[in-house]
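Readers should treat all values here as calculations from the given coordinates under stated rules, not as data from a laboratory. All of these numbers come straight from a predicted model, not from anything done at the bench. Counting neighbours? That spans all protein chains shown, and the Cβs are built from the backbone with ideal geometry, glycine included.
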Amino acid sequence: MISFDKIVKKLLKKRWNILLLEDIFDILDPDKMEKNKKALYKILYRLKSEKVIMTLRNSIYLIPDDEDLKLNEIDLVEKYYFKLVKKYITSEVWSEYFISGKKALEINLKDFSVPNNLVVITRNTEKKVKIQDKIITFKKVWNKNANLYSKFSKYINRVSIFQTEFKISNIELSLVETALVSDNIEWVEISLLSKAIKKYSRVFKSEIFYEIAKVKYIMSFNRLKEISKNIDPKTSELFLDIIKQNWWLFIGEGLRKI
């Protein structure tokens, strides 16, 4: 095992990074020579007591700077929220994901605020992770028995948020996802949808909407048709045509949540 001073130097090179417990252990004992985990935990405790590392939540750590040490745990998590999210995404699904729904639409509108709920579409993983009062939902997207990840992952953008890259639904897909009819519709969603239509209706790629409607979200197009009537009549007509071409998909489609 390397000396404590060398461990500190290595960790300080990773300042502002989020590390899992196994990442820390790889630094403490790179050659895997230490069989006694108690020795590693003792060093971990010393690193925390000397404020070389900070615990963000169970088995997740931050290499802080002086300003971080002044923050309370709520503000600290908010500051590093997106780095924390990326660490969870990488550890759970690696690269097979995209951020979906309301937050994806907000990001397309250049709103990088911290959400209370974040939906991450994956190929195979379904679970929820809680970070204080905030929830990350990993879920699959289905149509009957078909997994639609490969279909929808074609419609993504890569976006850098505070120097951390994410894959998110593009403007067309995130608009449709956010408009999904549910049993808990908030006025904020209507306002967000209206804002997106006003800003981007002239550059919407209609072919993407037509492709999406063939497999899912037909109820969303009905909602978008109504919202866009007084914003952009041509866009409303586009959504109406999509509905007419896929009217039969309304049969059996009930309330669904993103």
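General observations
- Helix-only arithmetic for the chain: the sum of -39500 (n - 2.57) across DSSP H runs with n ≥ 4, divided by the residue total, places the mean residue ellipticity at 222 nm at -13000 deg cm²/dmol.
- For segment 193-208, putting each phi into the Karplus relation 6.51 cos²θ - 1.76 cosθ + 1.60 with θ = phi - 60° gives couplings of 4, 4, 4, 5, 5, 4, 7, 10, 4, 6, 10, 4, 9, 4, 4, 5 Hz, in residue order, rounded to whole numbers and with x for Gly and Pro.
- Taking PHE166, PHE209, PHE25 in turn, the Gaussian network model of the chain (Cα-Cα springs below 10 Å) assigns the largest fluctuation to PHE25.
- Share of Cα-Cα pairs in segment 4-78 lying beyond 18 Å, as whole percent: 35
- Förster-model FRET efficiency, 35 Å R0, ASP26 and LYS229, C-beta, rounded to 0.05: 0.05
- For the chain, alpha-carbon Rg relative to the globular expectation (2.2 N^0.38 Å, N residues): 1.23
- Loop sites in segment 67-105: chymotrypsin sites (Phe, Trp or Tyr not before Pro), DSSP, at most 16 other Cβ within 10 Å: TRP94
- Net length available on complete extension from LYS6 to GLN163 is 53.8 nm, with 0.36 nm assigned per residue and the Cα-Cα distance removed.
- Segment TYR210-ARG123, length gained on full extension (0.36 nm per residue, minus Cα span): 29.1 nm
- Looking at segment 1-57, the GluC sites (Glu not before Pro) that sit in a DSSP loop and have at most 11 other Cβ atoms within 10 Å of their own Cβ are GLU50.
- Semi-axes of the equivalent ellipsoid for segment 121-216, computed as √(5λ) from the eigenvalues of its C-alpha gyration tensor and ordered from largest down, come to 21, 19, 16 Å.
- Here's the list of lysines a cross-link from LYS42 could span, going by alpha-carbon distance under 19 Å and ignoring same-chain residues fewer than 8 apart: LYS6, LYS9, LYS10, LYS32, LYS51.
- Cα long-axis angle, helix 233-245 against the chain (0 to 90 degrees, to the nearest 10): 80
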